[in-house]
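The values are calculated or read from the model by the stated rules, or taken from the named source; none is laboratory data. What you are looking at is a predicted structure, and each value in this text was computed from that prediction instead of being measured. Here the Cβ positions follow ideal geometry from the backbone for every residue, glycine too, while neighbour counts run over all protein chains shown. For accessibility, only protein heavy atoms count, side chains too; no ligands or nucleic acids. Shrake-Rupley method; radii C 1.70, N 1.55, O 1.52, S 1.80 Å.
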Amino acid sequence: MSHSPKPPLTQAQLPPFTATDGLLLVAGVPLPQLAARVGQTPFYAYNRQQILTRIAELRAALPAEIKLHYAMKANPLPALVGAIQGRVDGIDIASTGELKIALDAGAPAHGISFAGPGKTHSELRQAVAAGILVNVESFREVGELSALSSTLKLPARVAVRINPDFELKGSGMKMGGGAKPFGVDAEQVPALLTAIKNAGLAFEGFQIFAGSQNLKAEAICEAQQRAYELALRLAKNAPGPVISLNLGGGFGIPYFPGEQTLDLSVISENLKNLATSARHEMPEASLIIELGRYLVGEAGIYVTRVVDRKISRGKTFLIVDGGLNHHLAATGNLGQVIRKNYPLAIGNKMNQAATEIVSIAGPLCTPLDLLADNVPLPIAQPGDFVVIFQSGAYGASASPQGFLGHPAVIEVLV
Ligand SMILES: *Cc1c(COP(=O)(O)O)cnc(C)c1O
């Protein structure tokens, strides 16, 4: 299909990534050189400095009293968690596999908190033994933690994960409000707090996480405000002072044309007001936000190589050496309602104009394995690199690598 030429992607469209002589630079290294050093495509590359800058900029934008946690399910690569752990106030884990990575990375147990709707007895046992905070999500967990605390002769540190009576509006993925497997319904929390008191657990506070991938600052502020008010109300029945109040996260990043970056100033202002209120109403409480995608999502790329170029009934396909098996989200199969194209480029033709419209398919024998549909790109041939941006979160670890038995992806931190 012919198409009027489009200029190459500009710096503004790919803020952190630059190019020289048409070659994408990843932390200063030209892409072909990086691919040679990795030894294969496909691979993911995460830019360490970009993540650290992101954290520093976020901290500078938010009030100093707000604590920042990394929700490591967004990207659990051990080297990346190691790079982040000293720069945040805590790591939020969702399994004991993640617990091991966080502890191995040197994260202090005190700042680790554990959420998940189905924590087993052995997972809770590991959590108590490690001395981390457990976000309690059922009455069963209270009983088990009490028994474990006695057996291990260690305190069981708990916060209550509340399923709020509100939703995060405009969220890509709702995780609170209505009937949910996560947390305990706000209405049942007073009874749960009584159970925690009777069980002698070490109560530390609340966690309220309403949703993910939100680009509307006002909606995030409203959710934080309501989370704060809910916690304040429920704190009246708590067995002790609230020392940890996790207001959730949900900060989104722009993936698609027309999406705007999140306005941090509005969120910062709101958090400042909440911190001021908390100083009077919950004087011992630290206010925490927990972010995954926002910290790492924009710092990662997924790199594949063109294996074949085919024309089917007038439509041009580039077939690349990885797809849904490594990057489920980019194919629109990770919970998205409508498939949209992630931003992408031909990583060794960054200075060439987009003169044709192509679709990009992975190597899997399923129509689901579509990385891009009808995108304008420079003319690419076998051997060229197809780079997918905004791939630092929910990539490799959120993809079905075993499906169809292709080689595993490699991940590098550069
Ligand atoms: C997934 C998750 C997060 C992180 O969400 P992001 O959209 O990646 O920031 C934070 N908290 C909890 C409880 C989660 O389950």
### Message
Quick check on this structure: which one of 296, 337, 307 is at pLDDT below 95 and out of contact with any His (no Cβ under 7 Å at 6 or more places or on another chain)?
### Response
337
### Message
I need the full set of residues from region 128-161 which are without any contact (Cβ under 8 Å) to a residue 12 or more places away in the chain and not in a helix (DSSP H, G or I), in order please.
### Response
153
### Message
The conditions are (1) over 20 Å from residue 299 (Cα atoms); (2) open to solvent by less than 30 Å² (accessible area, probe 1.4 Å), and residue 371 fails exactly one of them. Which is it?
### Response
(1)
### Task
Looking only at region 339-347, decide whether some residue is farther than 15 Å from residue 398 by Cβ and out of contact with any Phe, Trp or Tyr (no Cβ under 9 Å at 6 or more places or on another chain).
yes
### Task
Confirm whether residue 372 is under 17 Å from the mean Cα position of the chain (by Cα) and among the hydrophobic types (A, V, I, L, M, F, W, C).
no
### Task
Select from region 60-84 the residues that are open to solvent by 10 Å² or more (accessible area, probe 1.4 Å), within 16 Å of the ligand (Cβ to nearest atom) and not hydrophobic (A, V, I, L, M, F, W, C) and list them in ascending order.
67, 69, 73, 76
### Message
Looking only at region 128-138, how many residues end up being under 14 Å from residue 92 (Cβ atoms) and surrounded by fewer than 16 Cβ atoms within 10 Å (Cβ to Cβ)?
### Response
0
### Summary
Quick count over region 110-127, residues being open to solvent by 30 Å² or more (accessible area, probe 1.4 Å) and part of a helix (DSSP H, G or I), is 6
### Query
For residue 385, all conditions in the list (1) surrounded by fewer than 23 Cβ atoms within 10 Å (Cβ to Cβ); (2) touching a Leu at 6+ places or on another chain (Cβ under 9 Å); (3) under 18 Å from residue 32 (Cβ atoms) hold save one; what is the number of the exception?
(1)
## Note on the structure
Of all helices (runs of 4 or more DSSP H) fully inside region 206-307, the set with 3 or more residues that are touching a helix residue (DSSP H, G or I) at 6+ places or on another chain (Cβ under 8 Å) and open to solvent by 30 Å² or more (accessible area, probe 1.4 Å) is 217-235, 264-281
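Here's the yes/no breakdown for (1) over 20 Å from residue 178 (Cα atoms); (2) free of Cβ contacts under 8 Å to residues at least 24 places away in the same chain; (3) more than 12 Å from the ligand (Cβ to nearest atom); (4) among the charged types (D, E, K, R):
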| position | (1), (2), (3), (4) |
| --- | --- |
| 200 | yes, no, yes, no |
| 214 | no, no, no, no |
| 218 | yes, no, yes, yes |
| 231 | no, no, yes, no |
### Message
Quick check on my filter: what residues within region 308-327 are in a strand (DSSP E or B) and either among the hydrophobic types (A, V, I, L, M, F, W, C) or within 16 Å of the ligand (Cβ to nearest atom) (or both)?
### Response
311, 317, 318, 319, 320
## Note on the structure
Scanning region 23-51 residue by residue, those open to solvent by 20 Å² or more (accessible area, probe 1.4 Å) and in a helix (DSSP H, G or I) turn out to be 32, 33, 36, 37, 38, 48, 49, 50
